[in-house]
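Colleague: Can you keep this structure in mind? I'll have questions shortly.
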Amino acid sequence: MDTLHAALAWLDPLFIAPYRLPGNALVGFVLGTAVLALWCIALGSGLSLCATRLNRRRLAELRHGMEHHHKLSEAALRAGDKESYKAVNSQAHDAFGHYFSLGGAMFCVSIIPLPFALAWMDMRFAVATPELPWDAPLIGQQPSTLFWFLLLYIPLRITYANVMSRIGWFTRLQAWAATPPPGTIPDAAPSGPAISGAALSDAGADDPANRELRGANQPHGASGTTQNGRGG
């Protein structure tokens, strides 16, 4: 705790500077808190890009598994194989759950700066936050630093995301961070349940997912036996 307090005290001149720019105390508090929130958003965005880059292989594998099993479940549904559809669809839901959880972890990385900013605000403005003209339920007449910070952080983060998504270099940076290494996505046969070849033919022989399921369900050496039988 002493180390954190010393670090915040060392950063205090930087953090307090925007608060002192306007002559009005209320305007200064709003401006300074908005600048502090923007710093947190920008730093969190950079940390999120780093985390995405470090986990790009796992993200690509989970995304591929989610899409792959979804296509197989659709093929099973078209084939009328209800049992296979349930099994493959369950695998697709599992892959989605893992992908969603990792995405949640990426979001948590983006808010790492918030506790430090809030700790500094509490150190500076614990008993000096602006007062409301009325006594509001739950927050009272003098809301905490957390209320004022989130009041500005949330709309600023939404605006930041909308603006940065229209900037070319930032979208290219996001794409680079998420690009997996070569050879990450395997071209392996699915490990899902078997679906009858006849049913897949009825569902559509030219469908790529059906061809993949049919090739995975075909016994090894069956093709060669057929060819040899014809040749004989």
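The values are calculated or read from the model by the stated rules, or taken from the named source; none is laboratory data. Model, not experiment: these values are computed from the prediction. Cβ atoms come from the backbone with ideal geometry, glycine included; neighbour counts cover every protein chain shown. Quick note on the areas: whole protein, heavy atoms, side chains included, nothing else; ligands and nucleic acids left out. Shrake-Rupley method; radii C 1.70, N 1.55, O 1.52, S 1.80 Å.
Colleague: What number of residues within the stretch 72-130 satisfy the criterion of being among the hydroxyl-bearing types (S, T, Y), in contact with a Pro (Cβ under 9 Å, 6 or more places away or on another chain) and closer than 30 Å to I41 by Cβ?
Modeller: 1
Colleague: Also, quick follow-up: Any residue that is charged (D, E, K, R), assigned to a helix (DSSP H, G or I), open to solvent by 70 Å² or more (accessible area, probe 1.4 Å) and modelled with pLDDT under 95 - is there at least one of those in the stretch 175-189?
Modeller: For the stretch 175-189, residues charged (D, E, K, R), assigned to a helix (DSSP H, G or I), open to solvent by 70 Å² or more (accessible area, probe 1.4 Å) and modelled with pLDDT under 95: absent.
Colleague: Among the candidates T33, T52, T3, single out the residue that is at pLDDT 85 or above, among the polar types (S, T, N, Q), over 18 Å from L152 (Cα atoms) and surrounded by 13 or more Cβ atoms within 10 Å (Cβ to Cβ).
Modeller: Checking each option against the conditions leaves just T52.
Colleague: Just name the residue that is farthest from C50 (Cα to Cα) out of those in the stretch 100-138 that are free of Cβ contacts under 8 Å to residues at least 24 places away in the same chain and aromatic (F, W, Y).
Modeller: W134
Colleague: Six or more apart or on different chains, Cβ under 7 Å: which pairs go from a residue in the stretch 80-99 that's under 17 Å from R58 (Cα atoms) to one that's part of a helix (DSSP H, G or I) and among the polar types (S, T, N, Q)? Could you list them?
Modeller: Once the first residue is under 17 Å from R58 (Cα atoms) and sits in the stretch 80-99, its partners that are part of a helix (DSSP H, G or I) and among the polar types (S, T, N, Q) give A92/S73.
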